[in-house]
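Okay, structure first, notes after.
The values are calculated or read from the model by the stated rules, or taken from the named source; none is laboratory data. This structure is a prediction, so every number in the text was calculated from the model and none was measured. In this analysis, Cβ positions are derived from the backbone assuming ideal geometry, glycine residues included, and neighbour counts consider all displayed protein chains.
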Amino acid sequence: MLSNDLGRKMCKYIEDYVVFDLETTGVSPKKDEVIEISAVKVKGGKVVDEFTTLVNPGCPIPDYASSVNGIYDYMVKDAPSFDKALGDFLEFIGDMVLVGHNIHTFDMKFICRDAKKYFGNYVGNDYIDTLPLARMVLPKLDHHTLVDLADYYDIETEGAHRALNDCRMNQAVFEKLGEEIRNAELNAKICPKCGSIMKLRNGMYGEFYGCTAYPVCKGTLPL
């Protein structure tokens with residue numbers, strides 16, 4: 001949904017959400033463009049719908065990007081521009097919470113930049129980034145890439161780095177992380193303000209539990 005304000009970053013499991021993923025011409029939200037956007041809608045923990053489209057970026061796709069995502073200029077020649085694709089995506093997600101891997105530092109920056117550019121407002125949906133969530137729930141893993149997490153949970157990784165395949169993979173991973181959260185002692189430490197997971201922190205007066213959604217949420221609990 002469009003809003004004057006950015007959505008809140010949360011760190012918890014929920015049953016109703018939309019997983020989304022982008023493929024782009026590069027890694028810079030300042031200069032690169034979206035070439036694919038996909039999403040998987042989930043209600044009650046079950047997939048109910050999917051959305052996907054290639055995007056014509058209006059510029060050549062660099063070879064290094066194509067080598068990663070397998071998307072080439074000829075494939076996007078007749079695809080819609082991103083203003084059309086983003087509008088359709090926003091209609092698909094409505095006001096649902098967004099979920100994605102590393103979306104806080106990557107995907108959200110692209111869609112908020114272009115929502116402001118094309119529609120004059122930001123994407124105001126609250127969102128959950130499964131990268132910091134996985135680091136908290138599975139601290140003993142050496143790496144927390146989406147493929148690493150899928151391998152850990154024996155989830156199919158074929159077709160990784162295409163947006164819809166990554167959405168499907170991410171959705172399965174998020175459900176597994178949800179099981180971990182429900183079964184862990186972490187579940188007893190929930191932020192009273194926003195419902196995110198609390199993390200043990202050190203402060204001026206000793207240890208305390210602070211909200212993992214900080215600085216958006218500044219909820220605390222005594223040790």
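Within segment 181-191, at least one residue is farther than 30 Å from residue 89 by Cα, exposed (fewer than 15 other Cβ atoms within 10 Å of the Cβ), within 21 Å of the chain's Cα centre (by Cα) and in the same structural domain as residue 47 (by TED's automatic domain parsing).
Among the residues of segment 9-52, how many are acidic (Asp, Glu) and under 13 Å from residue 130 (Cβ atoms)? Give the steps one after another, and end with the answer.
Residues of segment 9-52 acidic (Asp, Glu): 15-16, 21, 23, 32-33, 36, 49-50.
From what's left, under 13 Å from residue 130 (Cβ atoms): 21.
The total comes to 1.
In summary, helices (runs of 4 or more DSSP H) completely within segment 56-106 and bearing 2 or more residues that are more than 18 Å from the chain's Cα centre (by Cα) and surrounded by 16 or more Cβ atoms within 10 Å (Cβ to Cβ) occur at 63-69.
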